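*Asks:* Okay, here's the structure, questions in a sec.
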Amino acid sequence: MSRILGLSAGNAGGSSEIVLCTALAAAGGADVELVRLADLDLTSQADLDWLWEKLIECDGLIVSTSIMSRTMAASLKLLVDRLLGPNADAAIIEHLVALRRGGAEPTVPFRVDERVLKPRVAGFLAVGGSLTPQWKTLALPLLHTITFSMHIAVVDQVVFSGAGTPHSIVLDDEALTRAAQLGANVAGQLGKAFDDVAYLGEPGLCPLCHLSVIELSGTGVACATCGARGTLRPDASVEWTDLNTSVLTMAEKRAHATEIQETAARHRDLAAEIAQRTAKIPAFDPVRPR
């Protein structure tokens with residue numbers, strides 16, 4: 001049976017967990033589990049290893065977060081920084097697995113887990129108290145940092161408003177219905193390869209991440225979430241000209257993996273100079289709490 005993992009990054013039983021449970025309950029036909037990040041010590045290697053197994057075993061992922069300071073909860077950022085990175089980078093793991101199959105065991109300071117490469121799908125739920133959009137702008141873009149390394153296809157994503165007191169999302173019938181729809185949407189795409197997954201959420205400006213947070217440089221446009229590039233037309237619409245620069249694509253992941261290897265090779269040749277220059281940097285004793 002397919003597995004859907006729910007990651008709760010809010011208060012126990014709070015509004016963000018309520019919509020997550022609603023989504024999981026609607027994921028018919030799948031085995032579902034809920035992990036509350038507040039129950040884990042994300043600085044503990046044992047807890048990180050346990051969470052890695054939960055993540056790597058799932059076929060679908062639904063992440064729900066309270067919106068804090070316009071973005072996702074800190075526990076999710078800690079998860080990204082401590083657990084993912086090269087461990088979860090599909091292009092890096094793809095390369096290292098190929099080396100292993102050729103008889104050369106990779107010697108790297110992180111796990112090489114071939115299970116990273118199996119297809120997965122995801123959905124995002126973000127719950128905020130504000131009624132105005134400017135207080136929620138960065139929530140969905142930052143949630144994509146959880147999924148893009150492992151090449152997980154995002155099926156659906158939604159931000160909820162007006163849940164500014166504990167449990168108050170239960171007053172919003174439309175929100176609960178929408179959360180259930182997200183759970184059903186994720187369940188309906190389980191097992192599909194990345195390129196075969198249909199995006200079922202609200203449309204956005206970017207054709208890949210389906211969000212509308214962009215960087216402008218003159219008439220040059222870059223999606224601030226995923227890096228797809230385009231040009232601003234005179235009517236203020238965007239002509240997307242290079243989707244392969246998006247971190248959601250394997251093309252960009254592979255280019256980035258090559259860049260990392262080339263940079264490391266250059267720095268190996270300069271190891272003595274790096275050590276010499278480092279020794280000249282002033283040192284300070286850090287102040288610590290007593």
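Conditions (1) within 30 Å of Gly230 (Cβ to Cβ); (2) assigned to a loop (DSSP other than H, G, I, E, B); (3) assigned by TED's automatic domain parsing to the domain that holds Thr145, marked per residue:
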{"position": "Asn244", "(1), (2), (3)": "yes, no, no"}
{"position": "Leu248", "(1), (2), (3)": "yes, yes, no"}
{"position": "Lys253", "(1), (2), (3)": "yes, no, no"}
{"position": "His256", "(1), (2), (3)": "yes, no, no"}
{"position": "Ala264", "(1), (2), (3)": "no, no, no"}
{"position": "Arg268", "(1), (2), (3)": "no, no, no"}
{"position": "Glu273", "(1), (2), (3)": "no, no, no"}
{"position": "Pro286", "(1), (2), (3)": "no, yes, no"}
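*Asks:* Given (1) loosely packed, with under 13 Cβ neighbours inside 10 Å; (2) assigned to a helix (DSSP H, G or I); (3) of a type in the set (A, V, I, L, M, F, W, C), identify the lone condition not met by Ala175.
*Replies:* (1)
*Asks:* I'm told Ala12 meets every condition in (1) among the aliphatic types (A, V, I, L, M); (2) farther than 27 Å from Leu176 by Cα; (3) part of a loop (DSSP other than H, G, I, E, B) except one. Can you identify the failing condition by its number?
*Replies:* Condition not satisfied by Ala12: (2).
*Asks:* It is to be established whether one or more residues within segment 40-54 are aliphatic (A, V, I, L, M), part of a strand (DSSP E or B) and more than 24 Å from Val170 (Cβ to Cβ). Steps first, answer last, please.
*Replies:* Pass one, segment 40-54, residues aliphatic (A, V, I, L, M): 40, 42, 46, 48, 51.
Right, trim to part of a strand (DSSP E or B) and you get none.
No: zero hits.
*Asks:* Here are Gly85, Gly29, Gly102, Gly13: which of them is on the phi < 0 side of the Ramachandran plot and either buried (at least 20 other Cβ atoms within 10 Å of the Cβ) or not hydrophobic (A, V, I, L, M, F, W, C) (or both)?
*Replies:* Numbers: Gly85 fails: on the phi < 0 side of the Ramachandran plot; Gly29 fails: on the phi < 0 side of the Ramachandran plot; Gly13 fails: on the phi < 0 side of the Ramachandran plot.
Answer to the selection: Gly102.
*Asks:* Right, here's the next one. Just give me the residues in segment 66-89 being among the charged types (D, E, K, R) and assigned to a helix (DSSP H, G or I), in sequence order. Steps first, please.
*Replies:* From segment 66-89, those among the charged types (D, E, K, R) are 70, 77, 81-82, 89; that's our starting set.
Result: Lys77, Asp81, Arg82.
*Asks:* Against the condition hydroxyl-bearing (Ser, Thr, Tyr), assigned by TED's automatic domain parsing to the domain that holds Gly13 and not in a loop (DSSP other than H, G, I, E, B), how does Thr137 come out, does it pass? Before the answer, list the steps.
*Replies:* On the way: hydroxyl-bearing (Ser, Thr, Tyr): yes; assigned by TED's automatic domain parsing to the domain that holds Gly13: yes; not in a loop (DSSP other than H, G, I, E, B): no.
No.
*Asks:* From the set of residues in segment 225-261 that are of a type in the set (Gly, Ala, Ser) and surrounded by 17 or more Cβ atoms within 10 Å (Cβ to Cβ), which is modelled with the lowest pLDDT?
*Replies:* Step one: of segment 225-261, the residues of a type in the set (Gly, Ala, Ser) are 227-228, 230, 236-237, 246, 251, 255, 257.
Then keep just the ones that are surrounded by 17 or more Cβ atoms within 10 Å (Cβ to Cβ); that gives 227-228, 230, 246, 257.
Details: Gly227: 98, Ala228: 98, Gly230: 98, Ser246: 98, Ala257: 94.
Only one residue fits best here, namely Ala257.
*Asks:* Further, regarding this structure: Of all residues in segment 219-235, which are within 20 Å of Thr137 (Cα to Cα) and either acidic (Asp, Glu) or assigned to a loop (DSSP other than H, G, I, E, B) (or both)?
*Replies:* Answer for segment 219-235, where residues must be within 20 Å of Thr137 (Cα to Cα) and either acidic (Asp, Glu) or assigned to a loop (DSSP other than H, G, I, E, B) (or both): Ala224, Thr225, Cys226, Gly227, Ala228.
*Asks:* Just to check your reading of the model, which residue among Asp285, Asp269 is under 26 Å from Ala91 (Cβ atoms), loosely packed, with under 14 Cβ neighbours inside 10 Å and not β-branched (Val, Ile, Thr)? Before you say what the answer is, go through the steps one by one.
*Replies:* Working: Asp285 fails: under 26 Å from Ala91 (Cβ atoms).
From the options Asp285, Asp269, the qualifying one is Asp269.
Condition check ((1) in contact with a Ser or Thr (Cβ under 7 Å, 6 or more places away or on another chain); (2) at pLDDT 95 or above; (3) surrounded by fewer than 17 Cβ atoms within 10 Å (Cβ to Cβ)) across all residues:
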residue	(1), (2), (3)
Leu34	yes, yes, yes
Ser44	no, yes, yes
Trp50	no, yes, yes
Glu57	no, yes, yes
Ser69	no, no, yes
Asp89	yes, yes, no
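*Asks:* Only one of (1) touching a residue at least 60 places away in the same chain (Cβ under 8 Å); (2) out of contact with any strand residue (DSSP E or B) (no Cβ under 6 Å at 6 or more places or on another chain) is not met by Thr258, so which one is it?
*Replies:* In the conditions (1) touching a residue at least 60 places away in the same chain (Cβ under 8 Å); (2) out of contact with any strand residue (DSSP E or B) (no Cβ under 6 Å at 6 or more places or on another chain), Thr258 misses (1) alone.
*Asks:* Right, here's the next one. Out of all the residues in segment 144-158, is one or more surrounded by fewer than 20 Cβ atoms within 10 Å (Cβ to Cβ) and part of a loop (DSSP other than H, G, I, E, B)?
*Replies:* Within segment 144-158 (the criterion being surrounded by fewer than 20 Cβ atoms within 10 Å (Cβ to Cβ) and part of a loop (DSSP other than H, G, I, E, B)), the answer is no, since none of the residues qualifies.
*Asks:* It is to be established whether one or more residues within segment 76-97 are under 21 Å from Asp172 (Cα atoms) and either in the same structural domain as Arg111 (by TED's automatic domain parsing) or among the small types (Gly, Ala, Ser) (or both).
*Replies:* Checked against the condition, which is being under 21 Å from Asp172 (Cα atoms) and either in the same structural domain as Arg111 (by TED's automatic domain parsing) or among the small types (Gly, Ala, Ser) (or both), segment 76-97 yields no hits at all.
*Asks:* Same structure, new question: Condition first: of a type in the set (Gly, Ala, Ser) and under 16 Å from the mean Cα position of the chain (by Cα). Now tell me which residues in segment 20-76 satisfy that. Steps first, please.
*Replies:* Going through segment 20-76, the residues of a type in the set (Gly, Ala, Ser) turn out to be 23, 25-30, 38, 44, 46, 60, 64, 66, 69, 73-75.
Matches in segment 20-76: Gly60, Ser64, Ser66, Ala73, Ala74, Ser75.
The values are calculated or read from the model by the stated rules, or taken from the named source; none is laboratory data. Note that this is a predicted model, so its numbers are computed, not measured. Note that each Cβ is placed from the backbone with ideal geometry, even for glycine, and that neighbours are counted across all protein chains shown.
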